[in-house]
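Q: The structure follows.
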């Protein structure tokens, strides 16, 4: 099956964090159109119940499929932990790519045997994380921190603010003191503060960003499904939000250095259906 106009890569997150993933997908597959949804009406997912996150994720996925998604990337660790398996069961005709905490790569890279895991509470509570720990981390000590307030700071564009630094230092410095030589970014918002993380951690600490691996997995699934895109220059990325289109437009300018007019989406209560509206940016 070949794509010419109607199919695209669907990507969604609770907010701007998944832009770190869509950015990598675009770098690897510049001719693949992308439709990105930020569910900012419900951000952050990390504080919500698992069944609620699944309800949001299912509605977003159905919306993307109705628009022509060839593959859907759940560019959110929390949504992946809460909903990925159920999405694959509920929508078996669509390939899904999810965020998986990089436990295995971290255990292969660490020399001290101590790894710092940075993620949201829901990620640590999910079955996916516990399964990965059981499979790959029996001989490694994992230190965890949920970095309260960091997702919200990234949503506000406060990438190098003093308060953001304090959140990161409070999480990372104790891990370094315990001997951690590898840090795993278990939330798609966190790569946007990667320069600050590297500054705090120092040059001898490995920091694992899963976004490039997610882009490669997306490319593989498209190849397996024989889905190709016209090779006529860079494809368009459509950005949409369930929150403020103006704030999302400012975030795109701040985080990706691009000018784009987002599409405004609205939830039809009880948050089980999305409607596309005109841009309000």
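The values are calculated or read from the model by the stated rules, or taken from the named source; none is laboratory data. Just so it is clear, the structure is predicted and the values come from calculations on it, not from any experiment. With ideal geometry, Cβ positions are generated from the backbone for all residues, glycine too; neighbour counts draw on all protein chains shown.
Q: Return yes or no: is residue 201 more than 16 Å from the chain's Cα centre (by Cα), without any contact (Cβ under 8 Å) to a residue 12 or more places away in the chain and in the same structural domain as residue 108 (by TED's automatic domain parsing)?
A: Working: more than 16 Å from the chain's Cα centre (by Cα): yes; without any contact (Cβ under 8 Å) to a residue 12 or more places away in the chain: no; in the same structural domain as residue 108 (by TED's automatic domain parsing): yes.
For residue 201, the condition - more than 16 Å from the chain's Cα centre (by Cα), without any contact (Cβ under 8 Å) to a residue 12 or more places away in the chain and in the same structural domain as residue 108 (by TED's automatic domain parsing) - is not met.
Q: Here is a check on your reading of the model: is residue 220 loosely packed, with under 14 Cβ neighbours inside 10 Å, more than 30 Å from residue 170 (Cβ to Cβ) and within 19 Å of the chain's Cα centre (by Cα)? Spell out how you get there, then give the answer.
A: Details: loosely packed, with under 14 Cβ neighbours inside 10 Å: yes; more than 30 Å from residue 170 (Cβ to Cβ): yes; within 19 Å of the chain's Cα centre (by Cα): yes.
Spelling it out, residue 220 is indeed loosely packed, with under 14 Cβ neighbours inside 10 Å, more than 30 Å from residue 170 (Cβ to Cβ) and within 19 Å of the chain's Cα centre (by Cα).
Q: Moving to a separate point now. I'm checking my understanding of the structure. Among residues of segment 142-182 that are in a loop (DSSP other than H, G, I, E, B) and over 21 Å from the mean Cα position of the chain (by Cα), which one is surrounded by the most Cβ atoms within 10 Å (Cβ to Cβ)?
A: Looking at residues that are in a loop (DSSP other than H, G, I, E, B) and over 21 Å from the mean Cα position of the chain (by Cα), I get 180.
Q: Inside segment 26-59, can you point out the residues that are within 16 Å of residue 260 (Cβ to Cβ) and under 13 Å from the mean Cα position of the chain (by Cα)?
A: Result: 36, 37, 38.
Q: Restricting attention to segment 31-50, report how many residues are out of contact with any strand residue (DSSP E or B) (no Cβ under 7 Å at 6 or more places or on another chain) and under 26 Å from residue 125 (Cα atoms).
A: Qualifying residue count for the region: 9.
Q: Could you tell me how many of the residues in segment 223-259 are over 20 Å from the mean Cα position of the chain (by Cα) and either crowded, with 16+ Cβ neighbours inside 10 Å or not in a helix (DSSP H, G or I) (or both)? Break it down stepwise before answering.
A: Here is the first cut: in segment 223-259, the ones over 20 Å from the mean Cα position of the chain (by Cα) are 223-235, 246, 259.
Filter once more, keeping what is either crowded, with 16+ Cβ neighbours inside 10 Å or not in a helix (DSSP H, G or I) (or both): 225-235, 259.
Number satisfying all stated conditions: 12.
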